[in-house]
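Notes follow once the structure below has been shown.
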Amino acid sequence: MMHQIKHLLEAYFVFTRRERIALFILIGIVFIVIFIANQMSKKITVTDRITMESKTLKTELDKKNNERDKAAFSGNYHRKVNQRWGYKNRASSPKRALFVFNPNTADAEEWLKLGVKESVVNTIMKYREKGGLFQKPEDLRRIFGLSPTFCEALIPFVRIPENQVTLSKPASAFRQSRKSVTNININEATLEDWKMLEGIGPGYAQRIINFREKLGGFYSIEQVAETYGLPDSIFQKIKPWLVFSNGPYRTINLNEVSSDDLKKHPYIDFRIANNIVSFRNQHGAFESIADLRKIASLSSDLYDKIHLYMNIK
């Protein structure tokens, strides 16, 4: 029995010389692998620590740089603001030389020498050009843009001759005479004619004329109200002065016009223009203007607006 156990142990635990050499080599390889792994772990740990320390150091440096930049920016900003503010104060405070003057005859240069801003001087000049006159020194208070403090400083230096006060013509009277016009023909009125109407300046006057030319003339006074940008309140003011005759003075030949020319008319868009020309191409020349009613896309309202601008030749 003991002999069998001994034989069994020798079978599992007794190695040959070659097996012992192989075992020693294997053990050596294991130790080498463990050593290398340990060294690499240490290296990674050191690298991570160095990286972390570098990031921490960089963060601290960035923070210090930002604080230094903010301080520098704040200093430059406030210095520039102070410089700009000082410039504005100098620019907005023109040199003043108060002297006796007549606000009805003083020219622009004199007003500037008094210390009045250029924009306010322009307002005064326009007021006088329209017939406005200062009747008493206190009238300076009505000038838009003139500060109350500066105005009170100017009033003691104002001298207005008595004969100029009695003969002065208020601006309101000037505007009333300017707008006292006779009736104007909407198809013949010139730019100057339109400008004589209350509320109509050169801009509105030119728009009305441009609209009239594109139409080919008005056929009713109400069409003037369709002028682009013209407020209805102004139209209602000028309407009593408007009269109509001889219009339209230019019409379109339906049997010759192209779609490109047709759509230039203010009342006709490209779709209607194409449909009119297509209808003519399919059905032949128009025999009467009323044939436009046969075009399905052309509404009755649009027909009423455009038929007076059409002709058949």
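Every number here is computed from the coordinates shown, using simple stated rules; none is lab data. Keep in mind that this is a model prediction, so the values were computed, not measured. No Cβ is skipped: glycine too gets one built from the backbone with ideal geometry, and neighbour counts run over all protein chains shown.
Calculated FRET efficiency, Leu23 and Met52, Cβ-Cβ r, R0 51 Å, to nearest 0.05? Show your work: numbers first, answer last.
Working: r = 44 Å, r/R0 = 0.85.
The pair Leu23/Met52 has a calculated efficiency of 0.70.
If I stretch the segment between Leu98 and Asn183 completely, what's the gain in nm (0.36 nm per residue apart, minus their alpha carbon distance), one decimal?
Working: separation 85, 0.36 × 85 = 30.60 nm, distance 4.94 nm.
So the extension gain works out to 25.7 nm.
On a full-extension model of 0.36 nm per residue, what is the gain between Thr16 and Asn210, subtracting their alpha-carbon distance, rounded to one decimal in nm?
Numbers: separation 194, 0.36 × 194 = 69.84 nm, distance 11.96 nm.
Length difference between fully extended and current span is 57.9 nm.
How much FRET efficiency would the formula 1/(1 + (r/R0)^6) give for Lys237 and Asn281, where r is the Cβ-Cβ distance and R0 is 51 Å, rounded to 0.05? Could the numbers behind the result be given before it?
Values: r = 47 Å, r/R0 = 0.93.
The pair Lys237/Asn281 has a calculated efficiency of 0.60.
From the phi angles alone, apply the Karplus equation (6.51, -1.76, 1.60; θ = phi - 60°) to the range 237-252 and give each ³J(HN,Hα) in whole Hz, x where the residue is Gly or Pro.
Those phi angles translate into 5, 8, 3, x, 8, 9, 10, 10, 6, 6, x, x, 9, 9, 10, 10 Hz.
Which ³J(HN,Hα) values in Hz, rounded to whole numbers, follow from the phi angles of the range 21-29 under the Karplus curve 6.51 cos²θ - 1.76 cosθ + 1.60, where θ = phi - 60° and Gly and Pro get x?
Using θ = phi - 60°, the values come out as 4, 4, 5, 4, 4, 4, 4, x, 4 Hz.
Only Lys, Arg, Asp and Glu count, each charged at its Cβ (+1, +1, -1, -1), so figure out the dipole size of the range 189-313 about its Cα centre, rounded to 20 debye.
On the way: 15 positive and 15 negative charges, 27 e Å.
The calculated dipole for the range 189-313 is roughly 140 debye.
Given the pairs Lys214/Lys313; Lys126/Lys237; Lys130/Lys195; Lys130/Lys237; Lys195/Lys237; Lys126/Lys239, which span a C-alpha to C-alpha distance of over 18 angstrom in this model? Write down the numbers at each step before the final one.
Numbers: Lys214/Lys313 21 Å; Lys126/Lys237 24 Å; Lys130/Lys195 14 Å; Lys130/Lys237 21 Å; Lys195/Lys237 13 Å; Lys126/Lys239 28 Å.
The pairs that break the limit, which is 18 Å between Cα atoms, are Lys214/Lys313; Lys126/Lys237; Lys130/Lys237; Lys126/Lys239.
Quick one: which of 20-31, 300-311, 225-236 comes out on top by average Cβ neighbours within 10 Å, and what's the full order, highest first? Don't skip to the end; give the middle numbers.
Numbers: 20-31: 10.4, 300-311: 15.0, 225-236: 13.2.
Averaged packing, sorted descending, gives the order 300-311, 225-236, 20-31.
At Lys130 and Ser41, where each label point lies 7 Å from the Cα along Cα→Cβ, what is the point-to-point distance in nanometres?
9.5
Can you list residues from other chains, or at least 5 along the same chain, whose modelled amide H is less than 5 Å from the amide H of Ile252?
Met310, Asn311
If amide hydrogens are placed 1.01 Å from N in the peptide plane, which non-local residues have theirs closer than 5 Å to the one on Val116?
When sequence neighbours closer than 5 places are left aside, there are no close amide H contacts.
Any chance you could run the full-extension gain for Arg293 through Arg142? It's 0.36 nm times the residue separation minus the Cα-Cα distance, nm to one decimal. Intermediate results must be reported in sequence, preceding the final value.
Working: separation 151, 0.36 × 151 = 54.36 nm, distance 6.10 nm.
Separation in residues times 0.36 nm, less the Cα-Cα distance, equals 48.3 nm.
Given just the C-alpha atoms of the range 237-313, how large is their convex hull per residue in cubic angstrom?
Numbers: hull volume 8.7 nm³, N = 77.
Given the Cα convex hull of the range 237-313, per-residue volume reads 113 Å³.
Calculate one ³J(HN,Hα) per residue across the range 218-226 by plugging θ = phi - 60° into the Karplus curve 6.51 cos²θ - 1.76 cosθ + 1.60, and present them in order as whole Hz with x for glycine and proline.
Once rounded to whole Hz, the list reads 8, 10, 7, 5, 4, 5, 4, 5, 7.
What FRET efficiency would be calculated for the residue pair Tyr303, Glu256, taking the C-beta separation as r and a Förster radius of 30 Å, to the nearest 0.05? Don't skip to the end; give the middle numbers.
On the way: r = 20 Å, r/R0 = 0.66.
Calculated value: 0.90.
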